[in-house]
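Undergrad: Before we start, here is the structure in question, set down as structure tokens.
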């Protein structure tokens, strides 16, 4: 464990061991912080990510620094978790950590002053509208700047897609197909969820598609036990 402490110099192996330790330690930290901090970097998440990254980086580039100091990031994780918990209980803190959304477009009119508040340009707003398949700002009833830095668009009623409910057509209940084969390997856990075994699957594949499991890139099954196969 000499690589863990401060040294006048480190061998290549010791540098590698420091990098490996730092890598796995960051994985543990990220896991402890939860999926929210990975999928949506909000104000608190961004600050913590910067601080933790900076602390870990120093001992990975300076042999005179020990790895002990970087372990203090665990304290930051505790503070992070406490801040999230308190924000759930306190409306005032929640408004600081996760401020409420505010409008960028209302009734087809761009609120230019709010673009400055969001610190985005008109070009960025137009780019985001194009990504949402909106070709005319006048079609937008409301566009909100969300706390995570995304924009939510709501179209005027006349431009919204007609649904089966609008046409009074009864639709089937939604069912998400399950992936039972990936890259030539059967997912046993998914097979258990549909209460089927490997023998049933192999017989079904051979009788319908006349191929071996190893030839299948992806296979899914729906609630009616219909299997869809995509070959290599």
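Undergrad: Specify which of the listed residues (84, 120, 110, 137) is under 29 Å from residue 48 (Cα atoms) and not assigned by TED's automatic domain parsing to the domain that holds residue 48. Give the derivation first.
TA: Values: 84 fails: not assigned by TED's automatic domain parsing to the domain that holds residue 48; 110 fails: under 29 Å from residue 48 (Cα atoms); 137 fails: under 29 Å from residue 48 (Cα atoms).
Only one candidate qualifies: 120.
Undergrad: Can you tell me how many residues in the stretch 150-202 are closer than 30 Å to residue 122 by Cα, touching a residue at least 24 places away in the same chain (Cβ under 8 Å) and in contact with a helix residue (DSSP H, G or I) (Cβ under 9 Å, 6 or more places away or on another chain)?
TA: So the answer is 3.
Undergrad: Given the stretch 70-182, what strands (runs of 3 or more DSSP E) lie entirely inside it while holding 2 or more residues that are at pLDDT 90 or above, in contact with a strand residue (DSSP E or B) (Cβ under 6 Å, 6 or more places away or on another chain) and farther than 30 Å from residue 193 by Cβ? Before the answer, list the steps.
TA: Values: elements: 102-106, 140-145, 151-155, 178-182.
Those strands (runs of 3 or more DSSP E) span 102-106, 140-145, 151-155.
Undergrad: Could you figure out which of (1) over 30 Å from residue 98 (Cα atoms); (2) surrounded by 12 or more Cβ atoms within 10 Å (Cβ to Cβ) isn't true of residue 192?
TA: For residue 192, the failing item is (2).
The values are calculated or read from the model by the stated rules, or taken from the named source; none is laboratory data. Quick caveat: nothing in here was measured; it's all calculated off a predicted structure. Virtual Cβ from ideal backbone geometry, glycine too; neighbours counted across all protein chains shown.
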